[in-house]
Amino acid sequence: MNNPLKDIFSSISNFMSSEESIALGIDIGSSSIKVVEIKKKGGRAILETYGSIALGPYDSQDAGKVTNLPIDKVSSALKEVLKQSGVTTSSGAFSIPVQSSLIFIIDLPTKVSDSEMQAVVSTEARRFIPVPITEVSLDYFVLPQKEASFEEMNKVPSVSDVPKSNGEKTGVLVVATQNDAISKYRSLISECSLSASFFEIEIFSSVRSNFEHELSPVLLIDFGASRTKLSIVEFGMVKSYHTIDRGGADITQSISQSLSIPFSQAEKMKKDFGLFGNPSEKSLADIIKLHIDYIFAETSNVLLGYEKKYNRTISKVIFTGGGALLKGLPEVAVSNFRAEIEIGHPFSKVQTPEFLSKVLETMGPEFAVALGLALRKLQ
């Protein structure tokens, strides 16, 4: 049976010719869809267009609310954002949400040969997967033991070209994705008369658009609407991954309930004031901080576990995702992490019109996944 994910980590050349110069990234989230189209010109990636559409209204809810829409409504929203943004290509790269997958690392003896690797990984992975192995598609690659160059970071590695550890164990990053999720995406793509260049777990797209040449471990915190995703990245590869089931929509809902105001008004208040607080509603900052403190406390536990396992500490924290734009977040983070704090600026990876620079810097974190997908396709 063919692997329906063929494949998250497979060579891009299977899907596109080297002459292709336009790339479209499509990120279907729980509360919105983001699209980014870029092109290659003179050896540089240039932004062509981008767009975003809220999914709440397609479920008779407010913008910003988490949704679980049927394929036909997601299709309608996707068609609309592609039309509004003036996308020119019908071939896109799609993100797979982390809730449809499991990401974990297994340690294998270095004596496992390349020919044995697939069978060994499949056997060991069963211990981590709570559903029958036939219901998921597995992919994996051996974690490198040296600093990766920018080119290596964006290349899809194979087992044969990644150096093995000189120690007793070899770390292998494994991704298990639900077959049902891929099937739903294929139905959506067909309904929109699109073609899929490839599928990729969203976190890998986000890493690609947010990272440069990082010499030390870096924590990427992706603040989504329904959950917050933590990735510790070293040598350009995800070394630890964790999901916190709390996101921006939860914060807005708490504001709405605590202050007895509509969700839409709570969302606006959150964006306008954030952790700096509203002079006319002094409890706003406290409501938001309660959630941020919880997320940061969970994050600290993840960091502690990483430090104990690898005897390494992070040097930087990068915030991405829509929630990264919360006012006052960097200031609160400084007191929680002994590391440099940075807001991701994905659009710095592409050439953009000067008059859009301020806008793109402000909203860039929201488009990290879509841009990361497009960057991979363009390369």
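The values are calculated or read from the model by the stated rules, or taken from the named source; none is laboratory data. The structure presented is a predicted model; accordingly, all values stated were derived computationally and were not measured. Every residue, glycine among them, receives a Cβ derived from its backbone with ideal geometry; neighbour counts consider all protein chains shown.
Would you confirm whether or not the stretch 349-369 contains a residue that is among the hydrophobic types (A, V, I, L, M, F, W, C), touching a strand residue (DSSP E or B) at 6+ places or on another chain (Cβ under 6 Å) and not in a helix (DSSP H, G or I)?
Yes, the conditions are met somewhere in the stretch 349-369.
Of all residues in the stretch 313-348, which are exposed (fewer than 14 other Cβ atoms within 10 Å of the Cβ) and among the charged types (D, E, K, R)?
Scanning the stretch 313-348 gives Glu331, Arg338, Glu340.
Only one of (1) within 26 Å of the chain's Cα centre (by Cα); (2) within 17 Å of Phe223 (Cβ to Cβ) is not met by Ile287, so which one is it?
(1)
Where residues in the stretch 275-308 are in contact with a strand residue (DSSP E or B) (Cβ under 8 Å, 6 or more places away or on another chain) and within 16 Å of Val238 (Cα to Cα), which of them is surrounded by the fewest Cβ atoms within 10 Å (Cβ to Cβ)?
Gly305
Of the residues Thr67, Thr49, only one is farther than 30 Å from Glu124 by Cβ, part of a loop (DSSP other than H, G, I, E, B) and not basic (Lys, Arg); which?
Of Thr67, Thr49, the one residue that is farther than 30 Å from Glu124 by Cβ, part of a loop (DSSP other than H, G, I, E, B) and not basic (Lys, Arg) is Thr67.
Kindly indicate which of Glu191, Glu212 is at pLDDT below 95 and charged (D, E, K, R).
Glu212
With the checklist (1) part of a strand (DSSP E or B); (2) surrounded by fewer than 19 Cβ atoms within 10 Å (Cβ to Cβ) in hand, flag the one item Lys83 doesn't pass.
Unmet condition: (1).
Could you tell me which numbered condition Glu234 fails, if it satisfies all but one of (1) out of contact with any helix residue (DSSP H, G or I) (no Cβ under 7 Å at 6 or more places or on another chain); (2) surrounded by fewer than 19 Cβ atoms within 10 Å (Cβ to Cβ)?
(2)
Six or more apart or on different chains, Cβ under 6 Å: which pairs go from a residue in the stretch 174-191 that's in a strand (DSSP E or B) to one that's of a type in the set (Asp, Glu)? Could you list them?
Once the first residue is in a strand (DSSP E or B) and sits in the stretch 174-191, its partners that are of a type in the set (Asp, Glu) give Val175/Asp139.
Outside any loop (DSSP other than H, G, I, E, B), of a type outside the set (A, V, I, L, M, F, W, C) and touching a residue at least 60 places away in the same chain (Cβ under 8 Å): is that true of Asp222 in this structure?
Criteria met by Asp222.
So if I check each of Thr352, Thr320, which one is under 27 Å from Ala249 (Cβ atoms) and either within 15 Å of the chain's Cα centre (by Cα) or not small (Gly, Ala, Ser) (or both)?
Thr320
If you go through the stretch 244-256 one residue at a time, do you hit one that is of a type in the set (Lys, Arg), at pLDDT 95 or above and in a strand (DSSP E or B)?
no
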